[in-house]
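Structure record follows, encoded as structure tokens.
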Amino acid sequence: MDSERTVKTTAEQLEALTKENERLKQELSALRQEKEKANPISFKERYAVKILNSLPDMLTVFDHNEIGIEVVSNEETNHVGVTNEDFVGMHMRNMVPPEAYQNIHSNMQHAVATGTVSAAHHELDFNGKRHYYENRIFPLDEKYVLIMCRDISERVATQRQLEVFKSVLDKVSDSILAVSKDGTLVYANKQFIEEYGVTKELGTQKVYDLPVSMTTKEAWEKRLQEIRDNDGSFAYRAAYVRMGETKKRVHQVSSFLTHENEQELIWFFTQDITDVIKKRDELRELNQLLDGILNNIPVYLFVKDPADEFKYLYWNKAFAEHSGIPASKAIGHTDYEIFQSEEAEKFRKDDLELLRTHQRIDIQETYLTANGEARIVQTLKALVPMEDREPLLIGISWDTTNLQNIEQELIKARIKAEQSDRLKSAFLANMSHEIRTPLNAIVGFSQLLPTADTPEEQKLYSDIINQNSDILLQLINDILDLSKIEAGTLEYVKRPMNLGEVCRTIYAVHKERIKGGVDFIFNNGEEDLQMEGDPNRIMQVITNFITNATKFTHTGEIRFGFEREGENVRVYVKDTGIGIEKEKVGHIFERFVKLNSFVQGTGLGLSICRMIIEKIGGEIGVTSELGKGSTFYFIIPCTEVD
């Protein structure tokens with residue numbers, strides 16, 4: 001009973017205490033509110049400590065004697081190496097190095113004397129690192145000053161980096177410019193300022209006021225839009241006349257769009273490529289000149305790469321024209337892909353020998369062109385050293401095919417001339433005999449003619465005299481014709497003629513002269529052929545053919561005539577005489593050639609016939625078989641006349 005009564009009493013007491021506590025709290029709150037109403041606390045006073053602690057500056061109060069009074073800011077901003085407790089009562093000179101003290105001291109004296117804010121800077125080694133500080137000194141009253149000290153090390157480092165960066169930009173050869181979106185100049189390096197003659201403050205000038213490609217506001221806005229449309233990057237080429245110059249300079253410009261502090265900046269990096277363009281043009285002109293020279297000199301030029309299976313790197317125009325192989329089919333290919341295997345193997349062997357010895361090669365080579373023609377070339381091959389790679393093989397070839405042919409022709413001409421000289425000598429020796437023989441006969445039988453006893457004997461002597469007179473006359477005519485031909489005065493007069501009549505006249509003249517046992521036949525009989533020509537020269541050639549036939553035909557027949565062959569006429573003399581040896585047929589129309597030295601004649605007749613026929617645009621020839629006879633013929637144009 002007593003314990004229950006005790007618990008109940010205790011509970012009642014606790015409840016009474018709780019109520020009393022609540023009442024006291026209410027009274028205390030009421031008293032506090034009354035106090036605040038009587039003495040209100042400002043917002044600054046309520047949050048002053050928090051505000052001070054949030055500042056990055058070290059706030060200190062000194063008296064005018066430079067004695068530390070109080071550190072207002074928190075401990076984290078303290079960077080003088082003196083604790084907040086030790087700060088109070090310590091002189092400033094004992095807190096910082098002498099150089100820093102002198103700087104702060106001077107500015108503090110100025111602030112106290114003038115009553116205005118003063119600024120000072122000093123440096124300290126703090127935690128093993130050099131720090132830079134900015135001090136702003138505020139006079140509080142006649143006794144105290146407030147010093148706000150801020151660590152500006154990062155700002156100084158940034159500023160120094162910026163100065164280094166600007167110094168570097170001032171030394172580059174490119175012109176650099178930063179422009180705001182309205183065209184105002186924001187930054188320009190030294191090169192840009194000098195290049196474009198910028199004299200005013202950057203912020204007072206617009207980009208379109210400068211002698212650049214964008215000379216109007218509209219042009220600038222168009223360029224700005226191009227940069228934006230191209231994802232903030234744009235490259236182009238511009239040309240302008242530089243200040244003080246008359247020549248145009250060419251620039252390569254790259255533009256970039258950046259954003260700083262919500263400001264749009266457009267950067268221009270301009271490179272003067274005037275000299276580059278000039279050198280490029282000069283190089284192009286030089287290459288064109290060299291290409292023109294290399295493609296017009298009358299020699300083959302080629303370059304091979306020994307490091308790449310000796311593939312051709314260059315193949316000039318002369319090589320392409322003479323070989324029939326265009327450069328497009330040669331460059332990038334080996335000799336095995338261009339020439340026949342035997343030729344390619346020979347070329348490769350020479351190339352390898354050159355690569356082994358490094359001694360230039362001078363050789364004569366033969367190759368087949370694309371159309372199968374054999375060409376002879378004199379080739380010089382050498383190695384050309386290169387800086388960063390294996391040497392190249394260069395070849396120069398002179399096409400000597402024509403020279404070789406001319407040389408062979410000259411040799412033949414020399415041999416022929418020597419032979420002609422020998423024949424002339426033989427001709428002169430023989431001519432004296434040929435002339436003397438008929439003259440002796442004429443003189444001798446002329447003396448015998450008066451002594452003839454019978455008319456038959458007189459006729460015999462007379463015939464011999466006439467025959468030798470004809471021989472002598474023919475000799476003289478041949479010599480005269482040869483002289484006219486060599487002098488270029490041999491006449492050939494075209495006029496209307498009847499070839500049938502000419503042949504019948506020839507037939508009548510020779511019919512009686514041809515000895516018995518040989519039939520003389522004119523195939524065309526009474527046939528006529530009216531045409532243009534020189535009857536005397538045609539008669540001369542036919543007569544020569546018949547005269548030769550009579551010399552070498554002793555039995556059988558001599559047959560002559562003419563026949564049409566299209567627009568030409570073919571005249572022939574065919575005999576059954578001794579014929580001509582095969583190896584001598586090709587020389588029958590040459591001068592001073594006599595196939596039989598025992599037969600009378602100069603050896604000029606057939607060569608004169610050849611010159612006559614060739615002069616009138618005709619063709620002369622012979623077919624012969626030894627022991628069976630020969631056929632001499634000529635073919636001349638036949639222009640018929642009424």
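Based on DSSP H segments of at least four residues, each scored -39500 (n - 2.57), the chain has a per-residue ellipticity at 222 nm of -15000 deg cm²/dmol. For the chain, what is the charge dipole size about the Cα centre, in debye to the nearest 20, if Lys and Arg each add +1 at the Cβ and Asp and Glu each add -1 at the Cβ? It comes to approximately 1080 debye. Each of residue 328 and residue 357 was given a label point 7 Å from its Cα along the Cα-to-Cβ line. The distance between the two points is 3.9 nm. Counting only alpha carbon atoms, the long axis of helix 605-615 and the longest principal axis of the chain meet at about 50°.
Can you give the FRET efficiency for residue 345 and residue 413, using 1/(1 + (r/R0)^6), R0 = 45 Å, r = Cβ-Cβ distance, to the nearest 0.05? Calculated value: 0.75.
May I ask you to list the GluC sites (Glu not before Pro) in segment 259-345 that are in a DSSP loop and have at most 10 other Cβ atoms within 10 Å of their Cβ? Could you put the intermediate results ahead of the total?
Values: sites: 260, 262, 264, 282, 285, 309, 321, 337, 342, 343, 345; in loops: 262, 309.
Answer in residue order: 262.
Modelled this way, with points 7 Å down the Cα-to-C-beta line, the labels at residue 364 and residue 514 are 5.4 nm from one another.
Of the labelled figures [x] 35.5; [y] 81.5; [z] 41.7, only one reflects mean projected area of the Cα convex hull in nm² as derived from the coordinates, namely [y]. What does a probe at residue 121 reach in segment 86-104, counting residues whose amide N is under 20 Å from the point 7 Å along Cα→Cβ? It comes to 96-104, nothing else. Using the Cα coordinates of segment 107-233, the gyration tensor eigenvalues translate into equivalent-ellipsoid semi-axes of 44, 19, 14 Å, sorted from longest to shortest.
Here r is the Cβ-Cβ distance between residue 65 and residue 152 and R0 is 41 Å; the resulting FRET efficiency, rounded to 0.05, is 0.90.
Over 19 Å between Cα atoms, which of 171/279; 166/190; 494/574; 279/311; 511/584 qualify? Beyond 19 Å: 171/279; 494/574; 279/311; 511/584.
To the nearest 20 debye, what charge dipole does segment 297-399 have about its Cα centre, counting +1 at the Cβ of each Lys and Arg and -1 at the Cβ of each Asp and Glu? Walk me through the numbers before you get to the answer.
On the way: 12 positive and 19 negative charges, 30 e Å.
Charge dipole of segment 297-399: 140 debye, to the nearest 20.
Want the number for residue 453 to residue 563: 0.36 nm per residue separation, take away the alpha-carbon distance, what's left? Could you put the intermediate results ahead of the total?
Numbers: separation 110, 0.36 × 110 = 39.60 nm, distance 5.08 nm.
Additional length available on full extension: 34.5 nm.
When its C-alpha radius of gyration is set against 2.2 N^0.38 Å (N residues), segment 45-152 gives a value of 1.01.
Holding the Cα-Cα limit at 31 Å, pick out from 459/628; 200/278; 329/381 the pairs that are longer than that.
Working: 459/628 36 Å; 200/278 33 Å; 329/381 21 Å.
Among 459/628; 200/278; 329/381, the Cα-Cα distance tops 31 Å for 459/628; 200/278.
Note on residue 373 and residue 113: the model spin-label points, each 7 Å out from Cα along the C-beta direction, lie 10.8 nm apart. Applying 1/(1 + (r/R0)^6) with r as the Cβ-Cβ distance of residue 239 and residue 163 and R0 = 35 angstrom yields a FRET efficiency of 0.55.
Only the coordinates and a few stated rules stand behind these numbers; no lab work does. No experiment lies behind these values; they were computed from the predicted model shown. FYI the Cβ positions are ideal-geometry reconstructions off the backbone, even for glycines, and counts take in every protein chain you see.
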